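The structure appears below as structure tokens.
The values are calculated or read from the model by the stated rules, or taken from the named source; none is laboratory data. Every value quoted in this text rests on a predicted model; they were computed, and no experiment measured them. Glycine also receives a Cβ, built like all others from the backbone with ideal geometry; neighbour counts cover every protein chain displayed.
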Amino acid sequence: MRKRNDLKKNKILEATVSLMAAQGINGVSMSMIAKTSGIPQATIYVYFSSKEELLKELYRYVIKKNCDFLLKDFDDTGEIKQCFERYYWRTVEYYRLYPAEFQVYEQFMASMISKTAELENVTDLFKPLYSFVERGQREGVIKKELHPIVVLSYFSLLAANLEKGKLFWGNRADDVVYQILFDASWDAVIIHK
């Protein structure tokens, strides 16, 4: 049996990201991945027994990349609103810096793959982000009725929709628009006294 190499595995995953962003989830074949990655198709099967297995691993890979980016140097001990602002603007920055990964993530969310990819392992990646949400709930700032992932989604999904508009339809949105969305999201999740 051939020895696995993490660099080759990542090269396969990155090639799949770029192809899926350009061709869509159904427009990518293992032979296309082999050609784009420069790794023979037989070698790809050393790492992934099927396209379905590769796509499940790619889903986890894209989400982990996103979470790692969001959590890098993240300080969840500051003032609650500042934590949310940091999370929000890091999310926007991720969408802008990694449009292919963003497009792939969107495709996964619209497909059945996201439902069969062992979500419990994927959602664990988000748990460190829950800390400032839960702290905000304990301190009476954030609505307790909302699960942390729902609270975070208020911020990330609106930003994602703006970025989709830019990617797919050429819409333009400057930071003023993003700030308006942040303010609306903040207003939606806080407890009004």
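Data table
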quantity: When residues of the stretch 116-135 are limited to those that are within 15 Å of the chain's Cα centre (by Cα) and over 26 Å from residue 179 (Cα atoms), the one modelled with the lowest pLDDT; calculated: 119
quantity: The lone exception for residue 61 - which of (1) in contact (Cβ under 8 Å) with a residue 24 or more places away in the chain; (2) surrounded by fewer than 17 Cβ atoms within 10 Å (Cβ to Cβ) it fails; calculated: (2)
quantity: Scan of the stretch 79-104 for residues that are surrounded by 18 or more Cβ atoms within 10 Å (Cβ to Cβ) and in contact (Cβ under 8 Å) with a residue 40 or more places away in the chain, ordered by number; calculated: 80, 83, 84, 87, 88, 91, 92, 95, 101, 102, 103, 104
quantity: Residue among 54, 7, 13 that alone is free of Cβ contacts under 8 Å to residues at least 24 places away in the same chain, part of a helix (DSSP H, G or I) and outside the structural domain of residue 136 (by TED's automatic domain parsing); calculated: 7
quantity: Unmet requirement for residue 110, which otherwise passes all of (1) over 27 Å from residue 176 (Cα atoms); (2) assigned by TED's automatic domain parsing to the domain that holds residue 142; (3) in contact (Cβ under 8 Å) with a residue 24 or more places away in the chain; calculated: (3)
quantity: Residue in the stretch 136-172 that is surrounded by the fewest Cβ atoms within 10 Å (Cβ to Cβ), counting only those that are among the basic types (Lys, Arg) and at pLDDT below 95; calculated: 172
quantity: Given (1) surrounded by 14 or more Cβ atoms within 10 Å (Cβ to Cβ); (2) in a helix (DSSP H, G or I); (3) at pLDDT below 90, index of the condition residue 76 fails; calculated: (2)
quantity: Any pair with Cβ under 8 angstrom, 6 or more apart, that starts in the stretch 129-151 at a residue that is on the phi > 0 side of the Ramachandran plot and ends at one that is modelled with pLDDT of 95 or more; calculated: 140/191
quantity: Residue match in the stretch 54-71 (condition: at pLDDT 90 or above and farther than 29 Å from residue 130 by Cβ); calculated: yes
quantity: Matching entry among 130, 154 (being farther than 30 Å from residue 19 by Cβ and touching a Ser or Thr at 6+ places or on another chain (Cβ under 6 Å)); calculated: 154
quantity: Helices (runs of 4 or more DSSP H) wholly inside the stretch 127-193 that include at least 1 residues being among the basic types (Lys, Arg) and out of contact with any strand residue (DSSP E or B) (no Cβ under 8 Å at 6 or more places or on another chain); calculated: 127-138, 148-169
quantity: All positions within the stretch 26-51 that are in a helix (DSSP H, G or I) and touching an Asp or Glu at 6+ places or on another chain (Cβ under 8 Å); calculated: 37
